[in-house]
Structures are given as C-alpha cells and as structure tokens.
Amino acid sequence: MGRIAAAESTARLEEGGPTLADGGDARLEQADLELIRRARQGDPQAIETIVRNYQSFVYRTAYGILQNAADAEDATQEAFIRAFRSLGRLREDRTFPTWLARIAVRISLDMVQAKARRAQDPTEEIHGSVAGGEDAASLRIDLERALAKLSPEHRTVIVLRAFHGLEYDEIAEVLEIPIGTVRSRLHHARMQLRMYLSGERGDS
Amino acid sequence: MQSCEFVEPMLSDYLDGQLGTDDEARVEAHLAVCARCRNLADALRSDERALVSWARTLTAPADMPLRVLKALGLSRQEVQSRRLAYVYFASLALGVALVLAAVSLPVASAATILLHFALAVVRALFALPWAVHAEWLVVLGGFSLVMLVLSLTGLRRALRWTRRGVVWR
C-alpha cells in the first residue's frame, strides 16, 4: 500500500521509486482505495485491515518523535481514531498515506510539547534502563539517546527520511513545509545526530 | 578542489542522491582526496543504516486494530450488542404494528376479538379498584408486567455480557 505502508519492508538508502507527490496514482492500488471507501462507511473489517497495514508506519513515526513506547502506542491509537473520524473530510483518497502521516506527526509533536510543558526529560527513561551489554543493544541505546537530544522537528525529519525512506517532496508534503526547509533541516539533524553519536561512542 | 566547508553542507543531499551532476562530481572529487570528509560521509551512511535497522525492531502492539475499533465504537462486541438491541426493539415494534394492523382490519374477526380483549384489559385496569370480581384480569396484567420487566433486564444483561466477553479472538 504505497511507500508508507511498505516502508517497514523497504531496504533502502539511495533508492528511487515513485513519490507521494507526483506518482500518487501508482501508489495506492484499487484494492486500497476500496478499503478506504469502505472504512469511510464505517466498515469495521476495512478499518481493521487499514490499521494493520499502516500501524508499523504510524507507530515508528510516533516512537521516533516521542522516544517512548507507551506514548507511541497512545499516539498511534489517537492518530488512527482521528483519521477515521475525519475520513469524510479527506477529498482525495489517494493522498491517504500522506494525510495519515501528517496526523501522526502532528499528534506526536503535540504530545512532545505537552510533555515538555510538564517538564519531563524524555531521555530519563532511556538512561535508566541502560546496562552496557551487546553491540546491537548498546548501539540502539546510543541512537535513542542521541535522537532524544535533537529537537522534535529534527527528529521528525530524521524519522520520515531514515525510518521510512520518504523522498524530500513527500516529507515536505507531510510536514507542509518548503522542500528547501526539508533539505536544510535534514542536513542539520544528521550533523547533530552524528555529533551526539560520536560523543556517545567516543569515535569521530 | 572544493574546501571542506563547501562540501560538508552538501553531504546530506549527496547521500540522498539529491545533488545535480555537477555538484555530485564536485563532492566526489573532494571525498576522493579528503579523508576527514570521507569518514564523515561513511559515518553518516552508517548512522542511516543503524536508524533503518533500529526502526525495524519497533513494532506496534498486535491489538492495535482492536483498540482502534473499540475506541471508534466499532468493535465486534459493540456491534453485536447494538445488533441485539436493534433486534429487540425491532421485534417490539413489529409486535405493536401487528396488533395495530390486526385491529385496523375490519374483516378479521380475530382482530375484533383482540380489540375487545385489549379494550377489556384497559377497561379492567381503569375499573380495577371497583371490579374486584375480574381477578383474572389483574393476574394477566401483573403477569405481562413481570414479563416486560424480565425481558428488559435480560436484554440489559445480554448487552453487558457481550461487551465484556472476548468475542474477537
């Protein structure tokens, strides 16, 4: 179901393919459009299938931004609920993946803000659970710590690009920002992440 | 040759294949001779790979579809209990409609009997304090009231049960 749904299985880095912005037609197949149409009428089976197809995408987006499993679960659930409740307002069914991504990002960023207002340190929980250990696990911990130090906006572009492999124009569409901003935000986010990671691991 | 200050801001775009051919050639020429920028590019690439493989380990809870359906009031249990309520009220309406139809059909003698019966019940109910001799009517009225209460309680129980029971898995 398009790049967003397929993102989890995509092995990529420098990989081409159609974009959300200009290749929308090829992106969602007829069966997917039919699912969306049925979901709009409140068909529970269609809704279940859509959630199943997109839950990894939404959850990973939320986790990347929120850095916490419980919050990411709440954000995922909330994003789907909001999406299905306002599905009637979605004009072009083909834009569903971008639209859903936008909702997920917005909810996650709102939750980050709400958390910041309650003055909680997102890195706390991560720090608490570290006990050295295997390479993969410690790399993951390093990544989480470094990501947590980025601003939510920087985390968001990293998540959309690195987690899901969205193209720049797709990210621009999801975040509703100019493509030039995506470009510079991504650059700064990556350089900062690199800086924090080299600090964590003591390499260059 | 380009300086590091010139190339560094282009690395992100370069790794994403977002540069034009000229800029790409410039960056590559620089990377060929500058170990520092080459290391940085490699490190950025491996960060990206690490992020991708980390993202793959993140999985949404398996019951997410159920949670969403529940929150939307569309879970199978809720749909079932709603259906049960529909069936109950539909049969109630059907019953009333049947009685009314029977009553409004002048040809049906059964209907007339029914009408007389219903009228008798109503009259008996009104005349209850004075019509002590019609005890059977009182019994009948009481019986139907009990039946009504029982059926309503049963419906409520059934609704609560279907909501609580795990029908989904």
Inset, instruction - Could you please tell me which pairs satisfy a Cβ distance under 9 Å, a separation of 6+ or placement on different chains, a first residue in segment B:37-50 that is farther than 19 Å from B:VAL27 by Cα and more than 7 Å from chain A (Cβ to nearest Cβ), and a second residue that is among the aromatic types (Phe, Trp, Tyr) and loosely packed, with under 13 Cβ neighbours inside 10 Å? - result: none
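Here's the yes/no breakdown for (1) surrounded by 18 or more Cβ atoms within 10 Å (Cβ to Cβ); (2) under 27 Å from A:TYR63 (Cβ atoms):
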{"site": "B:HIS30", "(1), (2)": "yes, no"}
{"site": "B:ARG56", "(1), (2)": "no, yes"}
{"site": "B:VAL68", "(1), (2)": "yes, yes"}
{"site": "B:LEU94", "(1), (2)": "no, no"}
Inset, instruction - Report yes if some residue within segment B:62-71 is at pLDDT below 90, outside the structural domain of B:LEU159 (by TED's automatic domain parsing) and touching an Asp or Glu at 6+ places or on another chain (Cβ under 7 Å); otherwise report no. - result: yes
Inset, instruction - Taking only segment A:22-45 into account, find how many residues are surrounded by fewer than 16 Cβ atoms within 10 Å (Cβ to Cβ) and either at pLDDT 55 or above or part of a loop (DSSP other than H, G, I, E, B) (or both). - result: 13
Legend entry - Criterion (buried (at least 20 other Cβ atoms within 10 Å of the Cβ) and within 12 Å of another protein chain (Cβ to nearest Cβ)) met by exactly one of A:VAL112, A:VAL105, A:VAL58: A:VAL58
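The values are calculated or read from the model by the stated rules, or taken from the named source; none is laboratory data. Just so we're clear, the structure is a prediction, and the values are computed from it rather than from any experiment. Neighbour counts run over all protein chains shown; Cβ positions are idealised from the backbone, glycine included.
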